[in-house]
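Right, one structure below, let's go through it.
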Amino acid sequence: MRAVESYIEGRWHHGADGIMVNHAVTGESIATISSAGIDFAAAVEYARTVGGPQLRELTFHDRAGILRALGKHILADTAALYDLSTATGATRSDSWIDIEGGAGVLMAYSGIGRREMPNAKVIIDGEPVSLSRDGSFLGAHIISPRPGVAVHINAFNFPCWGMLEKLAPTFLAGMAMIVKPASQTSYLTELMVR
């Protein structure tokens, strides 16, 4: 029996004593899932102290380039994703929206990052504004990545696209994230992440 693993703190984690996940059409047992042994506080700390700082070192264009490369990588070999997607109960059309639509979201946000954002780590929001009568004191707003961690909880019906539609803007913004896929279809999310 295949065990679904979690990619956490920079490595794959196999939880013990998992629960069974069944094929949505045939009812056949296809995998086990478990979060046993994951230290969630450590995962958040890792995201804050390792993932987040690494993302914030990149410019918006750097992050956009990574999203594009990831989208192209997913599109380069979708056969295994389509094969496994049948176990979720999805039709070929549903799978197309989920798999290729998910990759398309990455490409769309890549384009936004490259076209609409500067090749910088912050965005200056508008022109500086004089805050003193004689113009000796100016103020400006900047948009910069937040140092926190986003937690994404996803539904069962789009295990690829659902995750990628949240991941893309969060990644482009330079914020670390933790993704929790739906248990019922987590095996497809895991394959896409791999």
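List of remarks:
- Charge dipole (debye, nearest 20) of the chain; +1 at Cβ of Lys and Arg, -1 at Cβ of Asp and Glu: 380 debye
- GNM result for the chain, Cα springs below 10 Å: residue of D17, D125, D83 fluctuating most strongly: D125
- Within region 82-122, all pairs of alpha-carbon atoms sorted by distance into 5 Å bins from zero give the percentages 6, 22, 19, 13, 11, 9, 8, 8, 4.
- Evaluated at q = 0.13, 0.20, 0.24 Å⁻¹: base-10 log I(q)/I(0), Debye formula over Cα of region 107-194: -0.59, -0.97, -1.14
- Annotation note: GluC sites (Glu not before Pro) in region 96-173 located in DSSP loop regions with a Cβ neighbour count of at most 15 within 10 Å are absent.
- When both region 1-74 and region 79-117 are represented by their alpha-carbon centers, they are found 17 Å apart.
- Expressed in Å, the radius of gyration and Dmax of the Cα atoms of region 149-194 are 10.1, 29.
- Highest GNM mean-square fluctuation among G65, G104, G37, for the chain modelled with Cα contacts below 10 Å: G37.
- Percent breakdown of C-alpha pair distances by 10 Å bin, ordered from the shortest bin, for region 4-59: 22, 34, 24, 15, 4
- Global dimensions of region 45-164 from alpha-carbon coordinates: Rg and Dmax equal 19.6, 69 Å.
- In summary, the helical segments of the chain meeting the span-like criteria, namely a full DSSP H run, a Cα extent along the axis of 15 angstrom or more and a mean Kyte-Doolittle hydropathy of at least -1.0, are 60-76, 92-116, 161-172.
- W161 exposes around 80 Å² of accessible area when a 1.4 Å probe is run over every protein chain in place.
- Distance (nanometres) between label positions extended 7 Å along Cα→Cβ at K72 and R92: 2.8 nm
- For the pair K180 and A41, label points projected 7 Å from Cα toward Cβ lie 1.7 nm apart.
- Projecting label points 7 angstrom from Cα along Cα→Cβ for H23 and E9 puts them 3.6 nm apart.
- Chain lengthening between A16 and D125 when straightened (0.36 nm per residue, less Cα-Cα): 34.3 nm
- Considering only A120, G10, N157, the residue lying farthest towards the positive end of the dipole of the chain is A120, judged by Cα position with unit charges set on Cβ.
- Bridgeable lysines around K180 (alpha carbons under 21 Å apart, same-chain partners fewer than 8 residues away excluded): K166.
- Fully extended contour minus Cα-Cα distance, from D83 to L191, at 0.36 nm per residue: 37.8 nm
The values are calculated or read from the model by the stated rules, or taken from the named source; none is laboratory data. Everything quoted here is computed from the prediction, not taken from an experiment. Reconstructed Cβ throughout: ideal geometry from the backbone, glycine too, with neighbour counts over all protein chains shown. Accessible surface is based on the protein model in full, side chains and every heavy atom, while ligands, DNA and RNA are left aside. Shrake-Rupley method; radii C 1.70, N 1.55, O 1.52, S 1.80 Å.
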